[in-house]
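Throughout, read-outs are computed from the coordinates displayed, never taken from laboratory work. As the structure is a prediction and not an experimental result, all values here were calculated from the model. Note that we place each Cβ from the backbone using ideal geometry, even for glycine, and neighbour counts take in every protein chain shown.
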Amino acid sequence: MLFTSYNFILFLVIVFILYYCIPKKFRWILLLFASYFFYAQAGVELLLFLLSTTVSTYIVSLQLLRLSGTQKAYIAKNKTVLNKEAKKAYKSKIKKKQWKWLLACLFFNFGVLAIFKYTNFTIANINSLITAFGGTKQLNFLNLVLPMGISFYMFQTMGYLIDVYRGTVQAERNIGKLALFVSFFPQLVQGPISRYNDLSRTLFEKQAFNSSNVWFGLQRILWGYLKKMVIADRILPAVNTIINAPEDYQGAYVLAGMIFYAIELYADFTGGIDIVIGIGQIFGIEMTENFNRPYFSKNITEYWRRWHITMGTWFKDYLFYPISICKPMRKLSKWSRNHLGEAVGRKLPVYISTLVVWFVTGLWHGASWNFITWGVFNGVIILLSGECAPLYQWFHKRFRVENKIWYSAFQILRTFLLMSSLRLFDCYRDVKTAFSMFGTLFTKWNYEVFFNGSMLELGISTADYMVLLLGVLLLLLVSLRQRKGSVRQQMAEKPITVNLLAVYLLFMAIIILGAYGIGYDASQFIYNQF
Amino acid sequence: MKRKKRIIGIVAVLLCIASLYLVQKLLMPKYSADIFEGALIEDYYNETTEHQVVFIGDCEVYENFSPITLWEEYGITSYIRGSAQQLIWQSYYLMEETLSYEKPDVIVFNVLSMQYGEPQNEAYNRMTLDGMKWSGSKIKSIFDSMTEEESFVEYLFPLFRYHSRWSELTADDVTYMFSKKRMFHSGYLMRVDKKAAGSVPEGKILDNYQFDDSCYEYLDKMVALCEEQDVQLVFIKAPSLYPYWYDEWEAQIESYAKEKGVPYVNYLEEIEEIGLDFSQDTYDGGLHLNLSGAEKLTRYFGNWLKENYDLTDYRENEELAKIWSEKKDFYDEMKEDQYRELDEFGYLKSYGAREVTNED
């Protein structure tokens, strides 16, 4: 059930009405049923995956809780007889047991994810190796369909389990509530990847109807639909035309494709998240923000702090830090300090962790060398830009450009183009083509296509370009307003008629200018595929 | 303050609904410059009197029969509820709807649509279904007609279907927002131009000549409905040379009509008796008759009706005579306009469509 389908709108309206008609204490239960119903639309059998993750996490989290309880009770009972070492040894013994439970659950769940997401990728690589070594036998691909949203709910759930293990989250004793945390329908398919402590505060709360929440939520939903249906889906044909025929569309077309895809991806993903967060808000549920005006970033590190924030922080908390401070890494750091110098010893764990994180980030986005290359390139550029930081600082100081508007604009444009270039790996069918198309930006000098009408032959008309131009200007305007805080809050301070008019125009723009219905391909949100 | 906010809210919602209605009216196709047949179905609701004969079917009725001729020659009042590629279940539901408005003596159904057992084409569906007034018949017809890409919501709110027409709006979209351009003559779409038919090729060999069970199901329903309503049902096959009418199809219809006791006339077998000359009487090489052909066929058919059914000649009825005289005037004017266009441009530029609406 796509967010942009009539069925979803009807489903949402029914759930909304029921939600505020039933007693408050049952509202979270309604959301659980609604979430499972929503997921079942993609295939009833897929509920098994959701259930297996929920049940395994529930069992293990309770085991972790039980072991913590046992430890506390044992220490309290033997407070007088246990010395510090004995307490430490007992705690370590319990921690080891907890670690085993955690590891088993992580292996099971990530194993399921790996089987469905990476088996055919592995087979393809094995086949390539066989061919490379002169073999003729090839392994057959498996017919595996990736369960909807598995990358998102798996990460969210495993994050919860790790937090329980770390003791930063109290394990949920009610399996229904845990099931809702795992499956809450708006965020199930494209995030944000919520933390239990953040989401549970409002998810299970006995929510009263709050007109302000509903009004704000509705505005956010409409804004999301505008981004997705008026901008992202309208520009989609041009993006597809360019990237599906690299032999025909090179040079200036690649540049156009990069920019179009940047617009599409931004409008699609942030639009989807706006819808998700807006839906949460109409139910009185607060969800973590996933974006903070990323295209205004001045460097790649800042960009990744502002784009897909919940994924970034997940990798930071559950992968980067554990790798950076794990025992082998500490040993390696110590060794390199002794043999290669203080600076190298200090940086090596960070470098290795960064590259591992970005390798995994690439792999998370998709089972292909394109995404892995994309991820590793991101990591390498982040590290390089970190290495160049002193040089930049010197340059900024020497030429006094740091607070100049034109220089800030240059930095923003540079970051935008850099990130857009990296996304070529996301667009083209293989790494070689992506590199080759990037090369044509400089070797194929056909920039006249921007002025001779060729851009009108990419599957979008003059009218489409006009709508896109207006849409992008609106995005820019809203982003600029967001510097002063929530735009909806700013709007709320204006007369009610202004608010109504703004929402009305938003609504009419979606209805009239939206790329939906017959004649338009029903396009999935890009991040649904992950 | 709270009360004021509530009033503002209610007014805003009402204004929003009103504007959505207006925008929907603006964006829906008007079929005023081409594909006129898209407005045929809706035209029926402008009728003020009942009809003795109602034709139901695809282009083989609305292009081939002239109710004005039937009136002029025999004093028979008739109407054609035809639409492009009208599928048999659409014909049945139109029949059901028509019988809720009036009770004709005879309903004539053209059997060409027996060839389609499944929904075919969204554009044609729209031409039949959009124009129907909301009723149980329309809802059932929509559900039976929808192709995979279609959605009931888009029939309920056509704005969702036609929203992207904003970039192709013309002055006609404003002019005919609330009332369609007057183009038809009791459901007949006039064409006076000529394009002679060449040699008629044999139809291509089909895998299966058997009509689909669902078509028979609707044929049964038509028979039952007409029996129940005490209306005489007549099956015809209009004398269009294309699409090819196979002998195997003919045999099935003949057999069915015989079994059910429904009169069936295949006019393809009576072309000479009708006097049709396919070098003169068709405007598109034999697919459809032009005015001259339609008038010949209608005269022949009217004669058959008179011979077989006790249909009153209403030409002496003052009220009907007045209505049909006005229709005749419009018919003659359009005929004249079309001939003038042919003389002037060598082709039908506007099909003689006058800038008048059904309300004028």
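Some observations on this one:
- The amide H of residue A:366, built 1.01 Å from its N in the peptide plane, has no neighbour under 5 Å, considering only residues 5 or more places off or on other chains.
- Phi-derived couplings, Karplus 6.51 cos²θ - 1.76 cosθ + 1.60 at θ = phi - 60°, listed residue by residue for segment B:231-242: 10, 7, 8, 10, 9, 9, 10, 5, x, 8, 7, 10 Hz, with x used for Gly and Pro.
- Within the shell of other residues whose beta carbon sits under 14 angstrom from the beta carbon of residue A:199, the net charge comes to -3, with Lys and Arg scored +1 and Asp and Glu -1.
- Relative contact order of chain B, pairs being alpha-carbon contacts under 8 Å that are 6 or more residues apart, as %: 24 percent
- Of B:103/B:133; A:177/A:206; A:84/A:327, those spanning more than 20 Å from alpha-carbon to alpha-carbon: A:84/A:327
- Here the Kirkwood formula, the inverse mean of 1/r across different C-alpha pairs, assigns segment A:297-427 a hydrodynamic radius of 16.2 Å.
- Zone residues, segment B:55-81, relative to residue B:317, backbone N less than 14 Å from point 7 Å out along Cα-to-Cβ: B:71-72, B:74-79
- Percent RCO, i.e. relative contact order, over segment A:291-332, from Cα pairs under 8 Å lying at least 6 residues apart: 27 percent
- Its DSSP H runs of at least 4 residues, each contributing -39,500 (n - 2.57), put the calculated 222 nm mean residue ellipticity of chain A at -23000 deg cm²/dmol, to the nearest 500.
- For segment A:297-427: relative contact order, % (alpha-carbon pairs under 8 angstrom, 6 or more apart): 29 percent
- Once backbone amide H atoms are built at 1.01 Å from N, residue B:265 has B:235, B:236, B:237 as its partners under 5 Å, excluding neighbours fewer than 5 places away on the same chain.
- For segment A:56-127, the set of trypsin sites (Lys or Arg not before Pro) satisfying both a DSSP loop assignment and a count of at most 13 other C-beta atoms within 10 Å is given as A:79.
- 3J(HN,Hα) along segment A:488-499: 5, 5, 5, 5, 4, 7, 8, x, 4, 5, 5, 4 Hz, from the Karplus curve 6.51 cos²θ - 1.76 cosθ + 1.60 with θ = phi - 60°, whole Hz, x for Gly and Pro.
- Inter-part distance where segment A:1-42 and segment A:389-449 are each reduced to a Cα centre, Å: 44 Å
- Calculated [222 nm] ellipticity per residue, helices only, for chain B: -14500 deg cm²/dmol; basis is -39500 (n - 2.57) per DSSP H run with n ≥ 4, divided by all residues, nearest 500.
- If R0 equals 25 Å, the separation of the Cβ atoms of residue A:84 and residue A:334 corresponds to a calculated FRET efficiency of about 0.40.
- The ratio of the alpha-carbon radius of gyration of the protein assembly as shown to the globular-protein estimate 2.2 N^0.38 Å is 1.23.
- Entries in A:93/A:334; B:180/B:237; B:140/B:221 that, when Cα-Cα distance is taken, lie over 23 Å: A:93/A:334; B:180/B:237
- Pairwise centroid distance, computed over Cα atoms, of segment B:1-54 with segment B:230-301, Å: 37 Å
- Taking amide H as placed 1.01 Å from N in the peptide plane, residue B:180 has its amide H under 5 Å from the amide H of B:358, each at least 5 places away in sequence or on another chain.
- Kyte-Doolittle mean at least 0.5 and Cα axial length at least 18 Å: DSSP H helices in chain B: B:2-27
- Translational D in µm²/s for segment A:188-260 (Stokes-Einstein at 4 °C, 1.567 mPa s, Kirkwood Rh from C-alpha pairs): 81 µm²/s
- Local charge for residue A:265 was computed over the other residues whose Cβ lies under 10 Å away, with Lys and Arg +1 and Asp and Glu -1, and equals -2.
- P(r) tail fraction, segment A:415-530 - alpha-carbon pairs more than 21 Å apart, %: 63 percent
- Loop trypsin sites (Lys or Arg not before Pro), segment A:151-251, which have at most 16 other Cβ atoms in a 10 Å radius of their Cβ (DSSP): A:173, A:206
- Other residues with beta-carbon under 13 Å from the beta-carbon of residue A:410 carry, at +1 per Lys or Arg and -1 per Asp or Glu, a net charge of +2.
- By the Kirkwood approach, averaging reciprocal distances over each pair of separate Cα atoms, chain A gets a hydrodynamic radius of 25.8 Å.
- Distance from segment A:194-265 to segment B:170-192 (C-alpha centre basis), Å: 42 Å
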